[in-house]
Amino acid sequence: MKKIVLAISFCLAVVVSLQNCTPEKTLPPVDPNDPDSSYIGTPYSFSTLNPPLFRFPTISDPYKDSLTLEGIELGRRLFYDKRLSSTNLLSCASCHKQEFAFADGGNSKSNSVFGPTKRNAPSIENLLWSNKLFWDGRSSTLAGVAKDAFHGEQNLDVPNAIGYLQSDSNYTRLFRKAFGKPGEITEPKIYLALQQFMMTLISSNSRFDKIQRNEAGFQFTESEARGFVIFQTEAGECFHCHTFGNTFLMTDNIFRNNGLDPVTSTNDFTDKGRGLITGNSNEYGMFKDPSLRNIALTAPYMHDGRFQTLEEVIGFYSDTIKPLSPNIDPLMKKVPHTDGRLNLTDEQKQDLLNLLHTFTDTTFIYNPAFSNPF
Ligand code: HEC
Ligand code: HEC
């Protein structure tokens, strides 16, 4: 009996010391004789993504090497936990729903603890490549977004929340594993764990991606192929802002006015957008070029959710854009569409719509790793 116990503890020591050998800078060193040696997480690597990322930018996020499976799991629980709001009824997932690529499907405005949100809730996908978060880019990190949401939409009382988390053994274990010794739960760790989870929300496996990767059995229909030509030529101009170029993020993360509102002065925009952050009135009414990934799932559209369907969005770009807006982006009025209107035929509109549907990634919205753990 003694021998078996010895053998088991030897194996444990080997396992622990092997983990200790991984080149994981941010994890604390482990002493196998220390009862607290369980304070170590399992490193997560983006290189294990399957299929591997194709034509996505290299990941340069400074936190990319400090993710752990436990940190991600912790972030997932925090994301879905309704107790983390002043009403105990609202979690991140109340407004960012997996089945809608983490947008708030169907709602122009979402319900925060203070009432309707000012803007439409965007999808959460591939944001580890962005340091301009929110429609107006006011946050540069996902941890910063989490803080903004907890103090804003969810009106979280931080000492209360920490008390609740400390009383739950699942949480205390995950906080220890994710952040090491001494293991206490702090406000910044809450945000960093949410950041880890959101960094893993990568959508790269739509039919469009499979077609681009030349996967057997996947190709555009004739209509989708025509739609792709419209998208990436002067016929549609979409590619300039919802960029294809070298990468498939489908956004260039730049702030622009795409001509939604018939204003004669930038002071007339109801939502000043980017300009409110920079203080520059030339940037009033500018918003981030959103990614078009999973766009068929994330209605309604635009920063205020004004369009209910993609047909309406395409109709807007084709026929009803407001070209006289003072700071409208010059790309909206490029030759041959100097009046801003694309004047697409009904067939072209349908082709573009069919293309947009190829951006839907069902593996993303059904991935159990992103689902509600409760
Ligand atoms: C009541 C609804 C609501 C809740 C709850 C909520 N959000 Fe949001 N979220 C929004 C809205 C609305 C926006 C857009 C705000 C803006 O751009 O000004 C947004 C924006 C974001 C963005 C920016 C996406 C981008 O493309 O830049 C991220 C990331 C995000 N939320 C994560 C979270 C996290 C994490 C939580 C929980 C801590 C959370 N949200 C809670 C409604 C909500
Ligand atoms: C000059 C840059 C630019 C061009 C060109 C452009 N867009 Fe946009 N697009 C934007 C901006 C900026 C927004 C967000 C505007 C807002 O909400 O105020 C947007 C929003 C959208 C949305 C809504 C996204 C969401 O999450 O709500 C869709 C869909 C869209 N564009 C599709 C297209 C298509 C299709 C084309 C080509 C016909 C196109 N765009 C051309 C800049 C552009």
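The values are calculated or read from the model by the stated rules, or taken from the named source; none is laboratory data. Being a predicted model, the structure only gives us computed values, none of them experimental. Here the Cβ positions follow ideal geometry from the backbone for every residue, glycine too, while neighbour counts run over all protein chains shown. Side chains included, ligands, DNA and RNA excluded: accessible areas come from the protein's heavy atoms. Shrake-Rupley method; radii C 1.70, N 1.55, O 1.52, S 1.80 Å.
Scan region 282-314 for residues that are closer than 18 Å to residue 261 by Cβ and of a type in the set (A, V, I, L, M, F, W, C) and the total you get is 5. Number of residues in region 80-101 that are touching a Ser or Thr at 6+ places or on another chain (Cβ under 9 Å) and away from ligand 2 (no atom under 16 Å from the Cβ) equals 10. The single residue among 170, 160 that is out of contact with any Phe, Trp or Tyr (no Cβ under 7 Å at 6 or more places or on another chain) and touching a residue at least 40 places away in the same chain (Cβ under 8 Å) turns out to be 170.
When residues in region 247-270 are screened for being more than 23 Å from the chain's Cα centre (by Cα) and assigned to a loop (DSSP other than H, G, I, E, B), 9 of them pass. Would you confirm, using the coordinates I've provided, whether residue 119 is away from ligand 2 (no atom under 16 Å from the Cβ), modelled with pLDDT of 95 or more and not in a helix (DSSP H, G or I)? No. Against the test of being outside the structural domain of residue 126 (by TED's automatic domain parsing) and within 27 Å of residue 226 (Cβ to Cβ), the options 264, 363, 270 yield a single qualifying residue, 363. Selection over region 132-157 of residues that are more than 16 Å from ligand 2 (Cβ to nearest atom), out of contact with any Phe, Trp or Tyr (no Cβ under 9 Å at 6 or more places or on another chain) and in contact (Cβ under 8 Å) with a residue 40 or more places away in the chain gives a count of 3. Against the conditions (1) within 30 Å of residue 205 (Cβ to Cβ); (2) of a type in the set (Asp, Glu); (3) surrounded by 19 or more Cβ atoms within 10 Å (Cβ to Cβ); (4) more than 13 Å from ligand 1 (Cβ to nearest atom), residue 283 satisfies every one except (1). From the list 184, 125, the one residue that fits, being free of Cβ contacts under 8 Å to residues at least 40 places away in the same chain and not assigned by TED's automatic domain parsing to the domain that holds residue 298, is 184.
Under 13 Å from the mean Cα position of the chain (by Cα) and under 29 Å from residue 209 (Cβ atoms): is that true of residue 142 in this structure? So residue 142 passes the test. Could you go through region 114-122 and let me know if any residue there is within 17 Å of the chain's Cα centre (by Cα) and either open to solvent by 20 Å² or more (accessible area, probe 1.4 Å) or of a type in the set (Lys, Arg) (or both). Yes, region 114-122 has at least one match. Of the residues in region 212-230, none is within 16 Å of ligand 1 (Cβ to nearest atom) and open to solvent by less than 30 Å² (accessible area, probe 1.4 Å). Residues in region 271-305 that are away from ligand 2 (no atom under 11 Å from the Cβ) and assigned to a loop (DSSP other than H, G, I, E, B): 272, 279, 280, 284.
Yes/no matrix, rows are residues, columns are (1) open to solvent by 30 Å² or more (accessible area, probe 1.4 Å); (2) in contact with a Leu (Cβ under 8 Å, 6 or more places away or on another chain); (3) not β-branched (Val, Ile, Thr):
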site	(1), (2), (3)
43	yes, yes, yes
53	yes, no, yes
56	no, yes, yes
60	yes, no, yes
64	yes, yes, yes
78	no, yes, yes
86	yes, yes, yes
89	yes, no, yes
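Would you confirm whether any residue within region 174-182 is aromatic (Phe, Trp, Tyr), open to solvent by less than 20 Å² (accessible area, probe 1.4 Å) and at pLDDT below 95? So far as region 174-182 goes, yes, one or more of its residues are aromatic (Phe, Trp, Tyr), open to solvent by less than 20 Å² (accessible area, probe 1.4 Å) and at pLDDT below 95. Sub-6 Å Cβ pairs linking a first residue in region 299-322 that is in contact (Cβ under 8 Å) with a residue 40 or more places away in the chain to a second residue that is of a type in the set (Gly, Ala, Ser) and part of a loop (DSSP other than H, G, I, E, B), at least 6 apart or interchain, are 300/108; 305/108; 321/259; 321/340; 322/259, ordered by first then second residue.
Considered as a group, the residues in region 308-348 that are charged (D, E, K, R) and within 28 Å of the chain's Cα centre (by Cα) include one that is most open to solvent (accessible area, probe 1.4 Å), and that residue is 311. Only residues that are in a loop (DSSP other than H, G, I, E, B) and either more than 9 Å from ligand 1 (Cβ to nearest atom) or modelled with pLDDT of 95 or more (or both) were counted across region 85-113, and they come to 17. There is no residue in region 152-159 that is within 11 Å of ligand 1 (Cβ to nearest atom), under 12 Å from the mean Cα position of the chain (by Cα) and hydrophobic (A, V, I, L, M, F, W, C). Every listed requirement among (1) away from ligand 1 (no atom under 16 Å from the Cβ); (2) part of a loop (DSSP other than H, G, I, E, B); (3) open to solvent by 20 Å² or more (accessible area, probe 1.4 Å); (4) not aliphatic (A, V, I, L, M) is met by residue 244 save one, (3).
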